[in-house]
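The values are calculated or read from the model by the stated rules, or taken from the named source; none is laboratory data. Because the structure is a prediction, the values reported are computed rather than measured. FYI the Cβ positions are ideal-geometry reconstructions off the backbone, even for glycines, and counts take in every protein chain you see.
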Amino acid sequence: MHLMRAGLALALLSAVPALAQDDQVKTAQAAMTSAEGAALGTLVLNSTPAGVMIQGELQGLPPGPHGFHVHATGACEPPFDSAGGHYNPTGAEHGFLVEGGPHAGDMTNITVGADGTVAIELLDTFLALDNRLFDEDGAAVLVHAMPDDYATQPSGHAGDRIACGVIVAD
């Protein structure tokens, strides 16, 4: 699946006009909070030649698998509907398991341990820290209550939004 995603990323990137070097951001952060306002940890986003590496540790989440996405609006007012839908600059379908998918906001599920913590280290090959992500309304990272099924439109049937962090350029 990862090779297929990387191949799709190369095909999509070739269709996107090149951005000026000034439009690229090297690193960004997302300070994650719960719907109750508790600080959960900070994610660091780093540009790489292959996409964006997202790393960090979150705590205080319910154990089990959870959908994990980039959303189109940089706003995190509970219940986090303010973050809009998934970030999808190319108009792709949602999910790794559907024709025409995934879109840039789709990421693999995260699994929180029994102690409420999760270490995150993943590469989103469709995401770029560029002027599309940092447009006038920004973007956010969200954790959902249930796992993404990687197929159901438009958001993988991942349920409520339980954690949110606005992506801010360093």
- request: Please note which strands (runs of 3 or more DSSP E) are completely contained in the stretch 98-154 and include at least 1 residues that are free of Cβ contacts under 8 Å to residues at least 40 places away in the same chain and surrounded by 20 or more Cβ atoms within 10 Å (Cβ to Cβ).
  value: none
- request: Please work out which one of (1) more than 15 Å from V25 (Cα to Cα); (2) at pLDDT 95 or above; (3) buried (at least 20 other Cβ atoms within 10 Å of the Cβ); (4) not polar (S, T, N, Q) is the condition I167 fails and give its number.
  value: (1)
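Here is a yes/no grid of residues against (1) over 13 Å from H144 (Cα atoms); (2) part of a loop (DSSP other than H, G, I, E, B):
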{"site": "L43", "(1), (2)": "yes, no"}
{"site": "V52", "(1), (2)": "yes, no"}
{"site": "G56", "(1), (2)": "yes, no"}
{"site": "G60", "(1), (2)": "yes, yes"}
{"site": "P65", "(1), (2)": "no, no"}
{"site": "V70", "(1), (2)": "no, no"}
{"site": "E77", "(1), (2)": "yes, yes"}
{"site": "S82", "(1), (2)": "yes, no"}
- prompt: Looking at (1) within 23 Å of G156 (Cα to Cα); (2) aliphatic (A, V, I, L, M); (3) at pLDDT 95 or above; (4) surrounded by fewer than 20 Cβ atoms within 10 Å (Cβ to Cβ), can you tell me which one L8 breaks?
  reply: (3)
message: Which pairs turn up if I take residues in the stretch 31-59 that are at positive phi and in contact (Cβ under 8 Å) with a residue 24 or more places away in the chain and look for partners that are hydroxyl-bearing (S, T, Y) and surrounded by fewer than 17 Cβ atoms within 10 Å (Cβ to Cβ) with beta carbon separation below 8 Å, at least 6 apart in sequence or on another chain?
response: G56/T42
- prompt: Residue check: is P89 assigned to a loop (DSSP other than H, G, I, E, B), touching a Lys or Arg at 6+ places or on another chain (Cβ under 6 Å) and surrounded by 17 or more Cβ atoms within 10 Å (Cβ to Cβ)?
  reply: yes
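Can we say E99 is within 12 Å of G165 (Cα to Cα) and more than 12 Å from the chain's Cα centre (by Cα)? If you could, list the steps in order and put the result at the bottom.
Numbers: within 12 Å of G165 (Cα to Cα): no; more than 12 Å from the chain's Cα centre (by Cα): yes.
Taking the combined requirement at face value, the residue does not satisfy it.
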